[in-house]
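Undergrad: Sharing a structure, written as C-alpha cells. Questions coming.
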Amino acid sequence: MNAVILLHFALLFAGAVWAGAQNQLAGGGSFITLPALMLTGMDARAANITSTVALFPGQVTGGWLGRAHASGTASLPLRTLIAISLVGGVIGAILLLLTPSTLFARMVPWLVLFATTAFAWGSFLRKPAAPAADGISHSATGPLTAAAIQLGIAIYGGYFGGGVGFLMMAALALGGAPVRAAASTKNLLAGVMNFTAVMIFLVSGQVRWLAMAVAMAGALAGSWIGAHLLARVNERILRFVIVAIGVVLTIALFQGPL
C-alpha cells in the first residue's frame, strides 16, 4: 500500500470510531461512514452497502441490550413488526442491488438530504406523544395502515437507512407505543431489517472487504467509547453537530462526487 491509501484507511478508521460512538449517543453514524468509504475510491452504492455491513454489529448490540423493553403497539404485536421488518429489509436490499451504480450516485444527495431532514425533525421538531388520559396506549392508525407504514420504513432501511430510527420512532409513537418502549423497539427493528439486508449484501459481491473490516473495527471501538460517554455528552449539542454534518455532506454531494 502506498502512503495515500494508508492515509485513506486511517481516516476511514477514525471516521468509523466517530460513527460508532455517534450511533450509541444519538444515531446518524452513516453520515460519517458513507463519505469516508467514498473517499477510499469506491462508488456510492458500494460505499452504502459496505457501510451497512460495517455498522451492523453495533446495531445488533444496541438492539440486544434493550430487547427487554421492546414491545408491539396497540395495532400490531412485536412479532408482526419483526416479520414486516425482515421482509422490508429484503426488499430494500434487493432494490439497492438492482439500482445501477450511476443512478444510485445521483440519488445519494437526495437520500442524504431526506435523512438529514428526518434526523433534524426527530431531534428538534417532533413532539413526544402525550399520554392518554386513561393511561392506556391508543393507536392513531389501524393495523393495515400501521403495517404499511412499517413496511415502507423497513424497505427504506434496507435500501439506504439514514434517519430510519427517527421515522420508526414517529411511526411507533403514532401506533401508541410509550417513548421508552418505542426507543428500544426501534433499535431492535433496525437490527432486524438490516440483518436481512446484510445477509443479502454478504453474498452480493458488492462488499469491499478490507474497507469493511477497517470500518467495522473502528465502529466497534467507537460503540464502546460511546457507551461510556452516554452520561457525559450533551446530547442536544451532539444532535446539532450531526445535523450540521448532514447539511455539509448534502451540499458537497450535490456539488459532485466526493
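The values are calculated or read from the model by the stated rules, or taken from the named source; none is laboratory data. Here the structure is a predicted model, which is why all the values come from computation and not from measurement. With ideal geometry, Cβ positions are generated from the backbone for all residues, glycine too; neighbour counts draw on all protein chains shown.
Undergrad: Against the condition farther than 22 Å from Ala105 by Cβ, out of contact with any His (no Cβ under 7 Å at 6 or more places or on another chain) and among the hydrophobic types (A, V, I, L, M, F, W, C), how does Leu34 come out, does it pass? Talk me through it step by step, then tell me what you get.
TA: Working: farther than 22 Å from Ala105 by Cβ: no; out of contact with any His (no Cβ under 7 Å at 6 or more places or on another chain): yes; among the hydrophobic types (A, V, I, L, M, F, W, C): yes.
Against the criterion (farther than 22 Å from Ala105 by Cβ, out of contact with any His (no Cβ under 7 Å at 6 or more places or on another chain) and among the hydrophobic types (A, V, I, L, M, F, W, C)), Leu34 does not qualify.
Undergrad: Quick one: which of Leu37, Leu81, Leu86, Leu55 is surrounded by fewer than 24 Cβ atoms within 10 Å (Cβ to Cβ) and in contact with a helix residue (DSSP H, G or I) (Cβ under 9 Å, 6 or more places away or on another chain)?
TA: On the way: Leu37 fails: surrounded by fewer than 24 Cβ atoms within 10 Å (Cβ to Cβ); Leu81 fails: surrounded by fewer than 24 Cβ atoms within 10 Å (Cβ to Cβ); Leu55 fails: surrounded by fewer than 24 Cβ atoms within 10 Å (Cβ to Cβ).
Going through Leu37, Leu81, Leu86, Leu55 in turn, just one is surrounded by fewer than 24 Cβ atoms within 10 Å (Cβ to Cβ) and in contact with a helix residue (DSSP H, G or I) (Cβ under 9 Å, 6 or more places away or on another chain): Leu86.
Undergrad: Just the residues that are out of contact with any helix residue (DSSP H, G or I) (no Cβ under 6 Å at 6 or more places or on another chain) and within 18 Å of Val53 (Cβ to Cβ), please, taken from region 99-110. It would help to see each step written out before you state the result.
TA: Start the filter on region 99-110 by keeping residues that are out of contact with any helix residue (DSSP H, G or I) (no Cβ under 6 Å at 6 or more places or on another chain), which leaves 99-100, 102-103, 106-107, 110.
Within region 99-110, Thr99 is the sole residue that qualifies.
A quick yes/no check of all residues on (1) at positive phi; (2) more than 16 Å from the chain's Cα centre (by Cα); (3) of a type outside the set (Ser, Thr, Tyr):
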{"residue": "Pro77", "(1), (2), (3)": "no, yes, yes"}
{"residue": "Val90", "(1), (2), (3)": "no, no, yes"}
{"residue": "Phe104", "(1), (2), (3)": "no, yes, yes"}
{"residue": "Thr116", "(1), (2), (3)": "no, no, no"}
{"residue": "Trp121", "(1), (2), (3)": "no, no, yes"}
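Undergrad: Same structure again: Looking only at residues in region 166-184 that are of a type outside the set (Ser, Thr, Tyr) and closer than 11 Å to Ala70 by Cβ, which one is modelled with the lowest pLDDT? Let's see the steps before the verdict.
TA: Filtering region 166-184 for residues of a type outside the set (Ser, Thr, Tyr) gives 166-183.
After this cut, where a residue has to be closer than 11 Å to Ala70 by Cβ as well, the list is 172, 177, 180-183.
Values: Leu172: 83, Ala177: 74, Arg180: 69, Ala181: 78, Ala182: 77, Ala183: 73.
Looking at the filtered set, the residue picked out is Arg180.
Undergrad: If you go through region 207-247 one residue at a time, how many are modelled with pLDDT of 95 or more and farther than 26 Å from Thr50 by Cα?
TA: Looking only at that region, the number is 0.
Undergrad: Of the residues in region 63-78, how many are small (Gly, Ala, Ser) and out of contact with any helix residue (DSSP H, G or I) (no Cβ under 7 Å at 6 or more places or on another chain)? Show your work before the answer.
TA: Residues of region 63-78 that are small (Gly, Ala, Ser), as a first pass: 63, 66, 68, 70-72, 74-75.
Keeping just the survivors that are out of contact with any helix residue (DSSP H, G or I) (no Cβ under 7 Å at 6 or more places or on another chain) gives 68, 74.
Selection size over region 63-78: 2.
Undergrad: I'd like to verify a number: residues in region 203-212 that are surrounded by 15 or more Cβ atoms within 10 Å (Cβ to Cβ) and hydrophobic (A, V, I, L, M, F, W, C), how many?
TA: Going through region 203-212 one residue at a time, the tally reaches 3.
Undergrad: In the list Gly165, Gly161, Gly191, which residue meets the criterion of being within 19 Å of Leu81 (Cα to Cα), buried (at least 21 other Cβ atoms within 10 Å of the Cβ), touching a Lys or Arg at 6+ places or on another chain (Cβ under 8 Å) and of a type in the set (Gly, Ala, Ser)?
TA: Numbers: Gly161 fails: touching a Lys or Arg at 6+ places or on another chain (Cβ under 8 Å); Gly191 fails: touching a Lys or Arg at 6+ places or on another chain (Cβ under 8 Å).
Testing whether each residue is within 19 Å of Leu81 (Cα to Cα), buried (at least 21 other Cβ atoms within 10 Å of the Cβ), touching a Lys or Arg at 6+ places or on another chain (Cβ under 8 Å) and of a type in the set (Gly, Ala, Ser) leaves just Gly165.
Undergrad: Say we look at region 96-151 and pick out the residues that are under 20 Å from Gly28 (Cβ atoms), of a type outside the set (A, V, I, L, M, F, W, C) and exposed (fewer than 15 other Cβ atoms within 10 Å of the Cβ); which of these is modelled with the lowest pLDDT?
TA: Here the answer is Pro128.
Undergrad: Within region 53-108, track down each residue that is within 24 Å of Met38 (Cα to Cα) and of a type outside the set (A, V, I, L, M, F, W, C).
TA: Pro57, Gly58, Gln59, Gly89, Gly92, Thr99, Pro100, Ser101, Thr102, Arg106
Undergrad: Right, Ala181: surrounded by fewer than 23 Cβ atoms within 10 Å (Cβ to Cβ), part of a helix (DSSP H, G or I) and in contact with a Gly (Cβ under 7 Å, 6 or more places away or on another chain) or not? So that I can check it myself, show each step before the final result.
TA: Numbers: surrounded by fewer than 23 Cβ atoms within 10 Å (Cβ to Cβ): yes; part of a helix (DSSP H, G or I): yes; in contact with a Gly (Cβ under 7 Å, 6 or more places away or on another chain): no.
Against the criterion (surrounded by fewer than 23 Cβ atoms within 10 Å (Cβ to Cβ), part of a helix (DSSP H, G or I) and in contact with a Gly (Cβ under 7 Å, 6 or more places away or on another chain)), Ala181 does not qualify.
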